[in-house]
Structure formats: C-alpha cells, structure tokens
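A short write-up of the structure that comes next.
The values are calculated or read from the model by the stated rules, or taken from the named source; none is laboratory data. What you see is a predicted model; the values in this text were computed from it and never measured. Cβ: placed from backbone, ideal geometry, glycine included. Neighbour counts: every protein chain shown. In case anyone asks, the SASA skips ligands and DNA or RNA and just uses the protein heavy atoms, side chains included. Shrake-Rupley method; radii C 1.70, N 1.55, O 1.52, S 1.80 Å.
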Amino acid sequence: LLREQFVADLEVLAADPQVELWFGDETGIEGDPRPRRRWAHKSDRIKTPYHGIHLRQSVLGAVCPHSGQCAALIFNHCDSEVFQTFLDHLAQSVPHDPNKRRYLIVDNASWHKVKRLNWHHFTPKYLPPYSPDLNPIERLWLGLKAGFFADFIAKTNEELITQLIKGLRHFLDSPSTTARLCSLKTSL
C-alpha cells in the first residue's frame with residue numbers, strides 16, 4: 001500500500017513542470033571486492049589477489065533522472081554530519097531556482113531524519129521502507145561498481161579513491177548517459 005501510494009505521488013510530481021526530482025543515496029565501495037562471476041574454461045584457474053587489508057570508502061550522491069545532472073562526495077563513513085556536508089555541497093552545486101520546487105528523495109536511514117538538518121532549497125521525501133528499486137540512483141551505483149570496480153583491487157586507499165574519482169567523473173561528465181541509466185520510466 002505504501003509503495004503504491006509513493007509511486008502515485010511520484011508520478012504526479014514528475015508530471016509537474018515546476019517540480020525537479022532528485023534521488024539521493026549512499027553506497028560503499030570496496031578496495032578488495034568479492035570476485036565477480038565470469039566465464040572461464042573449466043581448466044582455467046582464476047586467481048584473485050588479496051593484500052590482507054580492507055579498504056572501503058563511502059559515496060554520497062544525488063541524481064536528477066530528468067537532466068542526468070548528479071553530485072557526489074567521497075567520505076570514509078556516513079552519519080548526520082557527513083550527510084549535512086553533502087546537502088551543503090548539493091545546494092551549492094544546484095543553485096536555488098525560484099521557478100522550481102526541488103525534492104530530494106532518500107531512504108529512511110537515521111541520518112536522513114535528523115531534525116537539525118538544513119535541506120536548503122530541497123524538500124525531503126522519503127522512500128517507502130524496503131524500496132531501493134524505486135530509487136534510480138541505485139542503478140548508477142551498480143553501473144559504477146560494474147564498470148570501474150569489477151576485478152579492480154586497490155593496494156592503497158589512494159588507489160581506491162583515484163579509481164572512485166575516475167568512475168564518478170564518468171557519470172558527472174556524461175549527463176545523457178546518466179539520465180538514460182537513471183530514467184524514472186525504469187523505476188516506476
């Protein structure tokens with residue numbers, strides 16, 4: 001029932017030319033990801049190197065499926081202070097437009113619901129519980145991980161961050177690709 005109501009509300013908002021929908025989320029990127037499935041001959045021995053250290057970075061991002069515009073920041077963890085820093089960055093990257101009502105649709109993580117958050121010129125809207133499939137930025141995260149982190153092993157945190165910047169830059173610099181990947185038609 002909540003999912004159906006959310007989708008109906010989203011369709012109304014998406015049809016309004018004065019509304020701009022943004023979808024936000026966080027993802028973790030591993031420097032030593034689990035091996036991915038791949039084709040190999042039966043006699044081949046696929047080796048995955050492991051360096052004995054666990055490297056991980058968090059990415060906070062938001063995407064406007066209509067325009068393909070996105071914003072992202074890399075952090076080593078997520079909490080309300082980090083999320084506020086991201087909101088400040090997003091507000092600076094997407095300046096206020098008096099002719100637009102902007103919504104930032106996020107999941108129900110505890111740091112998204114802290115009362116002291118300054119949402120700037122965005123209105124928060126929350127996804128129904130257990131509905132990541134309704135958030136188009138999830139497809140951007142999948143594309144980032146498949147395109148830039150399949151079979152990538154980082155030996156240092158700097159290598160991981162460099163690869164992460166390369167992957168994020170790909171989506172930031174190609175709004176048409178990002179819009180196609182994050183299309184609302186695919187989510188709803």
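Here residue 142 fulfils each of the conditions (1) under 11 Å from the mean Cα position of the chain (by Cα); (2) without any contact (Cβ under 8 Å) to a residue 60 or more places away in the chain; (3) within 13 Å of residue 70 (Cβ to Cβ) apart from (3).
Would you call residue 175 within 29 Å of residue 4 (Cβ to Cβ) and touching a residue at least 12 places away in the same chain (Cβ under 8 Å)? Step through it out loud before you land on a result.
Values: within 29 Å of residue 4 (Cβ to Cβ): no; touching a residue at least 12 places away in the same chain (Cβ under 8 Å): yes.
No; evaluated as a whole, the condition is false for this residue.
Restricting segment 132-153 to residues that are among the hydrophobic types (A, V, I, L, M, F, W, C) and out of contact with any Pro (no Cβ under 9 Å at 6 or more places or on another chain) leaves a set whose member that is most open to solvent (accessible area, probe 1.4 Å) is 142. The set of residues from segment 154-171 being in a helix (DSSP H, G or I) and either among the charged types (D, E, K, R) or buried (at least 17 other Cβ atoms within 10 Å of the Cβ) (or both) comprises 158, 159, 160, 161, 163, 164, 166, 167, 168, 169, 171.
Yes/no per residue for (1) among the hydrophobic types (A, V, I, L, M, F, W, C); (2) farther than 24 Å from residue 6 by Cα; (3) assigned to a helix (DSSP H, G or I); (4) open to solvent by less than 40 Å² (accessible area, probe 1.4 Å):
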{"residue": "67", "(1), (2), (3), (4)": "no, no, no, no"}
{"residue": "72", "(1), (2), (3), (4)": "yes, yes, no, yes"}
{"residue": "78", "(1), (2), (3), (4)": "yes, yes, no, yes"}
{"residue": "83", "(1), (2), (3), (4)": "yes, no, yes, yes"}
{"residue": "86", "(1), (2), (3), (4)": "yes, yes, yes, yes"}
{"residue": "91", "(1), (2), (3), (4)": "yes, yes, yes, yes"}
{"residue": "97", "(1), (2), (3), (4)": "no, yes, no, no"}
{"residue": "108", "(1), (2), (3), (4)": "no, no, no, no"}
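Do we find a residue being surrounded by 18 or more Cβ atoms within 10 Å (Cβ to Cβ) and at pLDDT 95 or above anywhere in segment 27-37? For segment 27-37, residues surrounded by 18 or more Cβ atoms within 10 Å (Cβ to Cβ) and at pLDDT 95 or above: present.
Taking (1) buried (at least 16 other Cβ atoms within 10 Å of the Cβ); (2) assigned to a loop (DSSP other than H, G, I, E, B) in turn, residue 128 satisfies each apart from (1).
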